[in-house]
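Presented below is the structure to which this report refers.
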Amino acid sequence: MLHHTGRIRPLHTHHGGRNPISVIGMTVTPDRPTPTAAADPAPSIIDRFIESNRAYAVDFRDGGMDARPVQKVTVVACMDARLDLFAALGLELGDAHVIRNAGGVVTDDTIRSLTISQRALGTRSIALIHHTGCGLLGLTEDFRRELELEVGQRPQWAVESFVDLDGDVRQSMQRVRTSPFLLHTDDVRGFVFDVHTGLLREIH
Ligand SMILES: [Zn+2]
């Protein structure tokens, strides 16, 4: 199908010289057009990343910092798209480690990153940030059971959903403070970020 070449071509002309490879994994035959063949899809947002990055690199200056965060702080926060941590907290490039996941939950993997952050890269303070309107507020552990029914295997991880936002922040602080792996647990503070006002509310 000719209109398919419009989709495949940009994927290899950037790299030059290579034989065309069907990255999308379809065998396209003239007599059996695939359902997606009719429309010329918009470029992926990730294609835009590549363009934006070229522009970014033009003005980029290596600040000469090493890997240790200047403010010796790690922020654990939800991955929510409305939460711009650097702007909301007045952080600059190089200031902090940022660990994000669904909910800003303190999982074993969060502890893994915190441990490396403190023991290998010199951070001391930990700020935990949950937020109003979190996607995890509506979920239950039924999510896992439904997932198991659909795909035939139960995920290893807990969904870590919650109904009590403040309570969950307290539980996260507790998990950090009781971790045997961390060097510094004296400056651990938790907050709820309000996605409507942009304000942090500290949880005690
Ligand atoms: Zn969230």
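Looking only at residues in the stretch 118-143 that are in a helix (DSSP H, G or I) and more than 15 Å from ASN101 (Cα to Cα), the one that is modelled with the lowest pLDDT is GLY138. ARG201 fulfils the conditions (1) within 16 Å of the ligand (Cβ to nearest atom); (2) within 21 Å of the chain's Cα centre (by Cα); (3) surrounded by fewer than 18 Cβ atoms within 10 Å (Cβ to Cβ); (4) not in a loop (DSSP other than H, G, I, E, B) except for a single criterion, (2).
The single condition among (1) over 17 Å from the mean Cα position of the chain (by Cα); (2) more than 16 Å from LEU165 (Cβ to Cβ) that VAL98 does not satisfy is (1).
When the stretch 122-147 is filtered for residues that are under 20 Å from the mean Cα position of the chain (by Cα) and away from the ligand (no atom under 16 Å from the Cβ), only ILE126 remains. The combined condition, being in the same structural domain as PHE191 (by TED's automatic domain parsing), within 15 Å of the ligand (Cβ to nearest atom) and surrounded by fewer than 21 Cβ atoms within 10 Å (Cβ to Cβ), is fulfilled by ARG82.
If you go through the stretch 176-197 and keep only what is small (Gly, Ala, Ser) and either part of a helix (DSSP H, G or I) or under 22 Å from the mean Cα position of the chain (by Cα) (or both), you end up with just GLY190.
If only residues of the stretch 158-175 that are surrounded by 13 or more Cβ atoms within 10 Å (Cβ to Cβ) and part of a loop (DSSP other than H, G, I, E, B) are counted, the one that is farthest from the chain's Cα centre (by Cα) is PHE162. Cβ-Cβ distances below 8 Å connect the following pairs, each with a first residue in the stretch 92-121 that is within 16 Å of the ligand (Cβ to nearest atom), a second residue that is among the basic types (Lys, Arg), and a separation of six or more residues or different chains: VAL106/ARG175.
Of everything in the stretch 108-145 that's of a type in the set (Val, Ile, Thr) and surrounded by fewer than 17 Cβ atoms within 10 Å (Cβ to Cβ), which residue is nearest to ALA77 (Cα to Cα)? It comes out as THR132. In this structure, ASP66 does not qualify as within 16 Å of the ligand (Cβ to nearest atom), without any contact (Cβ under 8 Å) to a residue 24 or more places away in the chain and acidic (Asp, Glu).
The values are calculated or read from the model by the stated rules, or taken from the named source; none is laboratory data. Being a predicted model, the structure only gives us computed values, none of them experimental. Please note: Cβ atoms are built from the backbone with ideal geometry, for glycine as well, and neighbour counts cover all protein chains shown.
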